[in-house]
Amino acid sequence: MANIKKCKGRIAILTGGGDVPGLNPAIRAVTIRAIREGYEVIGIRRGWAGLITIVREKDADNSHCYQHLTEEIVNKAGRTGGTFLHTSRTRPSHIPEVNLPDHLKGKYKKPINDLTPEVIKNLDFLGVDYLIPIGGDDTLSFGVKLYQEGVKVVAIPKTMDNDVPGTDYCIGFSTCVTRTIMLTNSLRTSAGSHERFLIIEVFGRYAGFTAMLPTMAGAANRCVIPEHKFDINQLTELMVLDRFKNPSHYSIVLVSEGAMFAGGEMVFKHEEKDAYGHAKLGGIGDLVSAELKELSPKYNNGQRINVINQKLGYLVRCGDPDATDSIVPMAYGNLALDLILKNIHGRLVVLKDGRYDNMPIDVVTSTKKVVNVREHYNTERLRPHYRSFQLKPLFIMTSE
């Protein structure tokens, strides 16, 4: 099927990195609009992994690498969470020799290998005219590299951390915030029953939006975020005060997984790193819990306060999308097709100040998107500022 092109051309779509609710609606939106505009659509399976494992031979079975998409296929999946195309944290420009596809072993012999030339040849073999990657800054950074190599790329931002630069909103963020509020409120019953501290660890490696928004919405008394190293004594004193003021005698803090003690660094589960050089975070919630329990007598008349320690983890990224993560992916998919119909590429579709737009794709790698501590985070109170919301974007603090 090499170099066979039907209709106006062929569009490939893929999802990379962590799964979030809203990916399937985005795939659906791209596919339905593209087909109705006269394009053929294929879905690359397992993110960038699908594009390095293709065997460029006429009779090769590459069904594990991609599939043809139809309205029937995407309609069935479009209302569900996750990604039916599957995903991975593959970085084609940095493939360890041990992870090379069988047909490339022997051709590449370095400890770390750049398979970008193979990806480009595979896209050509598949007859792909436009590529639409959906992902966070890691996944999309390779999309930037492909664009710089001449591939026509239109990118869609996805990550529940909401930290892709250039856009106020990334697919998955609203559902994450919604679930965090819901689960925190559910855990209140146990915290109140036992008159304890409730410490909840949430996602957020470098950006604290997933802790900030639920706290602003009233789900928690305090939050600690990666952008500000916090003093544990200060947090303990505030939590004791919050508990004292609460008739049910409990208080809640949301802890971003990338939060750091004053004078400390990020807490990792182990030293093993993913394809993008990130070690797996996890454990800061446990440490905060232990310290709060140990220090509580100092601020509570010598009486220790016990804790409930919960890591939300995948509970906030699984399941069906909420309303926002059903609507925004539909709009993003159509925005991508608007650009393709005009033969415009090298762009990232975005939401800015409540309006849909697009930006140069290299914004993904040119800057970082984090909480503006001075504007949005009160370092004395360890919680978001409550200031004028007039003319602010929907999610208040996510605009750059």
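The values are calculated or read from the model by the stated rules, or taken from the named source; none is laboratory data. All values reported here derive from a predicted model rather than from experimental measurement. Cβ coordinates were reconstructed from backbone atoms using ideal geometry, including for glycine residues, and neighbour counts include every protein chain displayed. When the accessible area is computed, the model is the full protein with side chains, heavy atoms only, and any ligands, DNA or RNA have been set aside. Shrake-Rupley method; radii C 1.70, N 1.55, O 1.52, S 1.80 Å.
If packing is taken as the average count of other Cβ atoms within 10 Å, what order do 66-76, 98-108 fall into, highest mean first?
Averaged packing, sorted descending, gives the order 66-76, 98-108.
Note down the accessible area of SER326, probe 1.4 Å, to the nearest 10 Å².
The value for SER326 is about 50 Å².
What figure in square angstrom, to the nearest 10, would you give for the accessible area of ILE52 with a 1.4 Å probe?
Here the residue's solvent-accessible area equals roughly 10 Å².
Leaving ligands, DNA and RNA out of it, rank TYR147, TYR386, TYR250 by accessible area with a 1.4 Å probe, largest first. Don't skip to the answer; put the middle values down first.
Numbers: TYR147 85, TYR386 125, TYR250 25 Å².
Order by accessible area, largest first: TYR386, TYR147, TYR250.
If I take R0 = 35 Å and measure r between the Cβ atoms of TYR108 and LYS368 in this structure, what FRET efficiency does the formula 1/(1 + (r/R0)^6) give, to the nearest 0.05?
Values: r = 31 Å, r/R0 = 0.90.
My answer for the efficiency is 0.65.
Just to verify a number: FRET efficiency for GLU237 and PHE389, C-beta to C-beta distance, R0 = 35 Å, to 0.05? Intermediate values should be presented prior to the final figure.
Values: r = 29 Å, r/R0 = 0.83.
Efficiency computed from Cβ-Cβ geometry: 0.75.
Could you let me know the centre-to-centre spacing of the stretch 13-73 and the stretch 342-379, using Cα atoms, in angstrom?
Measuring centre to centre over Cα atoms gives 25 Å.
Select from ILE132, MET160, MET239 the residue farthest towards the positive end of the dipole of the stretch 116-254; place +1 on Cβ of Lys and Arg, -1 on Cβ of Asp and Glu, and compute about the Cα centre.
Farthest towards the positive end: MET239.
Given a Förster distance of 35 angstrom, what is the FRET efficiency for ARG188 paired with LYS352, based on the Cβ-Cβ distance and rounded to 0.05?
On the way: r = 36 Å, r/R0 = 1.02.
Between ARG188 and LYS352 the formula returns 0.50.
Express the relative contact order of the chain as a whole percentage, based on alpha carbon pairs under 8 Å and six or more residues apart in sequence. Each step should come with its number before you reach the end.
Values: 890 pairs, mean separation 79.9, N = 400.
Relative CO of the chain lands at 20 percent.
Mind pulling the angle between the C-alpha long axis of helix 23-36 and the longest principal axis of the chain? Nearest 10 degrees, somewhere in 0 to 90.
Approximately 30 degrees, to the nearest 10.
Toward the positive end of the charge dipole of the chain, about the Cα centre and with charges on Cβ (Lys, Arg +1; Asp, Glu -1), which of VAL328, GLY218, HIS345 goes farthest?
Working it through, the farthest residue towards the positive pole turns out to be VAL328.
Rounding to the nearest 10 and keeping the result within 0 to 90°, find how far the Cα-based axis of helix 324-341 lies from the longest principal axis of the chain.
30 degrees
If DNA, RNA and ligands are ignored and the probe is 1.4 Å, what is the ranking of ARG79, ARG347, ARG10 by accessible area, most exposed first? Each step should come with its number before you reach the end.
Details: ARG79 170, ARG347 60, ARG10 5 Å².
From most exposed to least exposed: ARG79, ARG347, ARG10.
Given a 1.4 angstrom probe, what's the average accessible area per residue across the stretch 10-127, in square angstrom?
Working: 4950 Å² over 118 residues.
Heavy-atom accessible area per residue stands at 42 Å².
Nearest 10 degrees, 0 to 90: what angle lies between the long axis of helix 173-194 and the longest principal axis of the chain (Cα atoms)?
30 degrees
Out of the trypsin sites (Lys or Arg not before Pro) in the stretch 18-73, which ones are loop residues according to DSSP with at most 15 other C-beta atoms within 10 Å?
Working: sites: ARG28, ARG33, ARG36, ARG45, ARG46, ARG56, LYS58; in loops: ARG45, ARG46, ARG56, LYS58.
Sparse-neighbourhood loop trypsin sites (Lys or Arg not before Pro): ARG56, LYS58.
Hey, got the dipole for the chain? About the Cα centre, +1 on K and R Cβ, -1 on D and E Cβ, debye to the nearest 20?
Values: 50 positive and 44 negative charges, 61 e Å.
Computed about the Cα centre, the dipole is about 300 debye.
Go through the stretch 303-316 residue by residue and turn each phi into a ³J(HN,Hα) via Karplus (6.51, -1.76, 1.60, θ = phi - 60°); whole Hz please, and just put x for glycine and proline.
My calculation for the stretch 303-316 gives 9, 6, 10, 6, 10, 10, 10, 9, 9, 6, x, 6, 4, 8 Hz in order.
Convert 4 °C to kelvin, take the viscosity as 1.567 mPa s, use the Kirkwood radius over C-alpha pairs of the chain as Rh, and evaluate the Stokes-Einstein diffusion coefficient in µm²/s, rounded to a whole number. Write out the running numbers ahead of the final one.
Details: Rh = 22.3 Å.
This corresponds to a translational diffusion coefficient of 58 µm²/s.
Report relative contact order for the stretch 292-379 in percent, whole number only (criteria: Cα-Cα under 8 Å, sequence separation at least 6). It would help to have the intermediate numbers written out before the result.
Values: 45 pairs, mean separation 11.1, N = 88.
Reported relative contact order: 13 percent.
Based on Cβ point charges of +1 for Lys and Arg and -1 for Asp and Glu, what charge dipole magnitude is obtained for the stretch 30-137 about its Cα centre, in debye rounded to the nearest 20? Don't skip to the end; give the middle numbers.
Numbers: 15 positive and 14 negative charges, 70 e Å.
Charge dipole, the stretch 30-137, about its Cα centre: 340 debye, nearest 20.
In the chain, what percent of the accessible surface is made up of carbon and sulfur (1.4 Å probe, ligands and nucleic acids excluded)?
Whole-percent figure for carbon plus sulfur exposure: 50.
Multiply the residue separation of GLN148 and ASP61 by 0.36 nm, subtract the distance between their alpha-carbon atoms, and state the gained length in nm to one decimal.
Extra length from GLN148 to ASP61 when fully extended: 28.3 nm.
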